[in-house]
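Trainee: Sharing a structure, written as structure tokens. Questions coming.
The values are calculated or read from the model by the stated rules, or taken from the named source; none is laboratory data. Model, not experiment: these values are computed from the prediction. Glycine gets a Cβ as well: all are built from the backbone with ideal geometry, and neighbour counts include every protein chain shown. Surface accessibility is based on the protein's heavy atoms, side chains included, excluding ligands, DNA and RNA. Shrake-Rupley method; radii C 1.70, N 1.55, O 1.52, S 1.80 Å.
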Amino acid sequence: MGLGERLSKVFGSSQESKTPVNPTKVENSENKTKTEEKLVADKITIGHVHMSGCSGCVVSIADTFEGLFTLLDNYADLVYCLTLADVRDIPKMDVALVEGSVCINDHHSIEDIRKTRENATIVVALGGCASYGNITRFCRGGQWNQPGHEAFVPIGDLINVDVYLPGCAPTPEAIRNVCVMAYLLLKGNDDQKALATKYLEPLMKLPTLGTEACGCDLMTKIINHGLCMGCGTCCASCPVRAITMQSGKPNIERDMCIKCGACYTACPRSFISLELTAQFETILGAIDGAMNP
Amino acid sequence: MVLGNYKAVCAARAADANIRNGAQDGGIVTAMFAYALEAGIIDGAIVAGPGEKPWQPEPTIATTVDELLAARGTKYNICPNMAMIKEATRSYGLDKIGIVGTPCQMQALRKAQLYPIGVRSVPDKIALAIGIFCMENFPYDGMKAIVEDHCNVPMQSLAKVDIGKGKFWAYTNRGAVTQIPLKETHKYEQPGCHVCLDYVANLADVSTGSVGSPDGWSTVFVRTAKGETIWGQAAKAGVFEVQDIGSVQPGLALVEKLANQKISGNQKYIEQRAGYGIGKTLNNPYI
């Protein structure tokens, strides 16, 4: 069962998600191989744009393993991706997953990020570097083989970004969930669009909150605001184990923090929709069903 | 919706007297994890095991029934169980994780499954999440102040702590009992608890707590399909003694009353917080 079908079933909405532009025309072509047509027509186009990152994010996309094939078979065409798609110039696409920060000492990078914004309907900052600079914040130049490349900015310093998906690397499961939700947002029926909007809303709000992240966010935005209850999620989400729990609160080894933004985003007190999480069983079941049709 | 989605609710206790002995109430969490462990439903469970100081819990991954037994009983101070959620899949290599936690930890867990930021390989490995009813929690030093300064019991002599009937109870190893009114303990509560809008762990697979059931029994909500299957199997295997919640005192009405009390009180506090500043507002996690 496909995702759309399954979600429609689960959310009890009508099967006919797409209103045909010209109903008579559809009737005429009813005898044609409808299912095949539908599959292709329903797909969205996705690209992976590689800026200054370590390729960990693209590896994370591939680490969905056979799930990647399910995504590519049923929901998305990969129209641009170094090593995985043989396309030179950044084409038009529905969703651009951008990995890495932008080196402003390299005019190619500037052109590429601008072109990405122009050609993509939704720009996703994939991972810590694209969202918050992450490890590239610490660059001082002088590295082989481009010693002059020393200034790196998160993509949000140059273009408007629609969605942040932080993490170093972002997890395959998070990429999968966001891809499925992006698909629903673009191709789903009204109920599915509403669900996807609700799901993506907080990730779409992150870009409006700035391009800086640090483990300190746990102090300044959570503990200092009286919101921390010591669940330990931040500690689990830190990719460099810079967070330990002391007196029931996170203690951040600030010299170890790479500024990826995972801890704050993962914190249940940074954002949570009780309405959405109440449906967790249904949503996770639907995503699972979509990935195992 | 104060009690969340649930498929069934009952009063229950562990059939195994060994588990009940030393349990907080009905020994539901320990019995359920012990059953799940032996039936291969989970490979291990994240529980509040013994920590460095007396009565200080430490998030522990129990992979044996003995380790589960060592973690019996409510500790009434913070145990960051979610901190071990990734460690459980990495250092311990668990494929099927059990976790027990407060309502806020269940929220954290479900958020981590929906938005798996920084928790690679975790979301699909949660096999059984048990939530416990929670009005509020104390930091270790707050709990220590209550026990030592108010109840006059040294932490190392403490045998059991309980909150019930409007009082905080401290039992010593030699059988002495001290009780103080709950209003004396409020100032030691963790501030972060006061924005919490969940009393009965709405997002767990199964949630449990003493409120609503007679002494020695626990109220149990079976919430998800996963929870229903495992609860059903365990009940069939004779792990629990079960009573109809309608047939026991004080029953579901008290659970609902306390849930409403917590949620409306904290809702009020959230509104109050929003008005602390002038033209500025404190962060609010709820969207």
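Trainee: Could you name the aspartates and glutamates whose alpha carbon sits less than 19 Å from that of B:LYS236, not counting residues in the same chain fewer than 8 places away?
Mentor: B:ASP16, B:GLU38, B:ASP205, B:GLU228, B:ASP244
Trainee: Relative to the longest principal axis of the C-alpha atoms of chain A, give the angle of the C-alpha long axis of helix A:280-291, reported between 0 and 90° and rounded to the nearest 10°.
Mentor: 70 degrees
Trainee: Still on this structure, I have one more. Give me the residues in segment B:48-90 whose solvent-accessible area, probe 1.4 Å, is reduced by at least 10 Å² once all protein chains are included instead of the chain isolated.
Mentor: B:ILE78, B:PRO80, B:MET82, B:ALA83, B:LYS86, B:GLU87
Trainee: From the square roots a ≥ b ≥ c of the eigenvalues of the alpha-carbon gyration tensor of segment B:138-188, which class results: rounded (a/c under 1.5), prolate (a/b over b/c), or oblate? Please report the intermediate quantities before stating the final value.
Mentor: On the way: a/c = 1.98, a/b = 1.24, b/c = 1.60.
Oblate, since a/c reaches 1.5 and b/c is not below a/b.
Trainee: Using modelled amide H (1.01 Å from N, peptide plane; none on Pro or chain starts), what sits under 5 Å from the amide H of A:LYS43, excluding residues fewer than 5 places away?
Mentor: Distant-sequence amide H within range of A:LYS43: zero hits.
Trainee: I've got another one for you. Going by a ≥ b ≥ c, the root eigenvalues of the Cα gyration tensor, does chain B fall in the rounded group (a/c under 1.5), the prolate group (a/b larger than b/c) or the oblate group? Before the final figure, lay out the partial values.
Mentor: Details: a/c = 1.30, a/b = 1.11, b/c = 1.18.
Taking the square roots of the gyration eigenvalues as a ≥ b ≥ c, chain B is rounded.
Trainee: Under unit Cβ charges (Lys, Arg +1; Asp, Glu -1), what dipole magnitude, rounded to 20 debye, does segment A:216-266 have relative to its Cα centre?
Mentor: So the magnitude is around 40 debye.
Trainee: Return the inverse of the average 1/r over all pairs of distinct C-alpha atoms in segment B:189-287, which is the Kirkwood hydrodynamic radius, in Å to one decimal.
Mentor: Taking the inverse mean of 1/r over all distinct Cα pairs, segment B:189-287 comes out at 15.9 Å.
Trainee: So how much accessible area does B:GLU58 have, in Å² to the nearest 10, using a 1.4 Å probe?
Mentor: Approximately 90 Å² of B:GLU58 is accessible to the 1.4 Å probe.
Trainee: Can you give the angle from 0 to 90° between the axis of helix A:107-119 and the longest principal axis of chain A, with both taken from C-alpha atoms, to the nearest 10?
Mentor: Helix A:107-119 sits roughly 40 degrees off the main axis of chain A.
Trainee: Taking the Cα centre of each part, how many Å lie between segment B:132-171 and segment B:1-44?
Mentor: 23 Å
Trainee: How much of the accessible area of segment B:25-152, probe 1.4 Å, is carbon plus sulfur, in whole percent? Before the final figure, lay out each step's value.
Mentor: Working: 1790 of 4010 Å².
Percent of accessible area from carbon and sulfur atoms in segment B:25-152: 45.
Trainee: Can you count the Lys pairs in segment A:113-263 whose Cα atoms are under 27 Å apart, with each pair 8 or more apart or on different chains?
Mentor: Close lysine pairs under the 27 Å cut-off: 14.
Trainee: Also, I was wondering about something else. How well do other chains shield peptide A:159-171, expressed as the mean number of their Cβ atoms within 10 Å of each residue Cβ?
Mentor: Numbers: counts 0, 0, 0, 0, 0, 1, 2, 3, 6, 1, 2, 4, 10.
For peptide A:159-171, the averaged partner shielding equals 2.
Trainee: When only alpha-carbon atoms count, how far does chain A stretch along each of its three principal axes, as whole angstroms with the largest first?
Mentor: Principal-axis extents of chain A (Cα, largest first): 66, 46, 31 Å.
Trainee: Give, rounded to the nearest 20 debye, the magnitude of the charge dipole that segment B:138-188 has about its Cα centre when Lys and Arg contribute +1 at Cβ and Asp and Glu contribute -1 at Cβ.
Mentor: With Lys and Arg at +1 and Asp and Glu at -1, about 180 debye.
Trainee: Taking every residue in A:204-210, how many Cβ atoms of other protein chains lie within 10 Å of its Cβ, on average?
Mentor: Counting other chains' Cβ atoms within 10 Å and averaging over A:204-210 gives 0.
Trainee: Further, regarding this structure: With everything on Cα atoms, drop me the angle between helix A:190-205 and the longest principal axis of chain A, reported from 0 to 90° to the nearest 10.
Mentor: Between the helix axis and the principal axis of chain A, the angle is about 10 degrees.
Trainee: Give the average, rounded to an integer, of partner chain Cβ atoms located within 10 angstrom of each Cβ in B:273-284.
Mentor: 2
Trainee: I would also like to ask the following. Give the long-range amide H neighbours of B:VAL211: residues separated by 5 or more places, or on another chain, with amide H under 5 Å away, using H modelled in the peptide plane at 1.01 Å from N.
Mentor: B:THR219
Trainee: Here's a follow-up. Please report the buried accessible area for the interface of A with B, total over both chains, probe 1.4 Å, in Å² to the nearest 100.
Mentor: The summed interface area works out to 4200 Å².
Trainee: Mind running the shape call on segment A:216-266? Use the C-alpha gyration tensor, a ≥ b ≥ c as the square roots of the eigenvalues: rounded below 1.5 for a/c, prolate if a/b tops b/c, oblate otherwise.
Mentor: prolate
Trainee: Using the Karplus curve 6.51 cos²θ - 1.76 cosθ + 1.60 with θ = phi - 60°, work out ³J(HN,Hα) for each residue of segment A:147-157 in order, rounded to whole Hz, and write x for Gly and Pro.
Mentor: Values, residue by residue: x, x, 7, 10, 10, 10, 10, x, 4, x, 7 Hz.
Trainee: Any idea what the relative contact order of segment B:138-188 is, in percent, if you count C-alpha pairs under 8 Å spaced at least 6 apart?
Mentor: With pairs under 8 Å counted, the relative contact order is 31 percent.
Trainee: Let me ask something else. Which ³J(HN,Hα) values in Hz, rounded to whole numbers, follow from the phi angles of segment A:244-251 under the Karplus curve 6.51 cos²θ - 1.76 cosθ + 1.60, where θ = phi - 60° and Gly and Pro get x?
Mentor: So the Karplus estimates, Gly and Pro as x, are 10, 9, 10, 6, x, 9, x, 10 Hz.
Trainee: Rounded to two decimals, what ratio of Rg to Rh does the protein assembly as shown give with C-alpha atoms and a Kirkwood Rh?
Mentor: With Rg and the Kirkwood Rh in hand, the quotient comes to 1.00.
Trainee: Cross-link partners among lysines for B:LYS125, C-alpha distance below 19 Å, same-chain residues fewer than 8 apart left out?
Mentor: In chain and number order, the partners are B:LYS86, B:LYS96, B:LYS111, B:LYS226.
Trainee: Give the long-range amide H neighbours of B:LEU94: residues separated by 5 or more places, or on another chain, with amide H under 5 Å away, using H modelled in the peptide plane at 1.01 Å from N.
Mentor: Long-range HN contacts for B:LEU94: B:THR89.
Trainee: Whole-Hz ³J(HN,Hα) for each residue in segment B:151-156, computed from phi via Karplus 6.51 cos²θ - 1.76 cosθ + 1.60 with θ = phi - 60°, x for glycine and proline: what do you get?
Mentor: 8, 6, 10, x, 4, 6
Trainee: Right, here's the next one. Can you list the lysines whose alpha carbon sits under 23 Å from that of B:LYS167, skipping same-chain ones fewer than 8 residues off?
Mentor: Once the sequence-local lysines are set aside, what remains near B:LYS167 is B:LYS75, B:LYS144, B:LYS183, B:LYS187, B:LYS257, B:LYS262.
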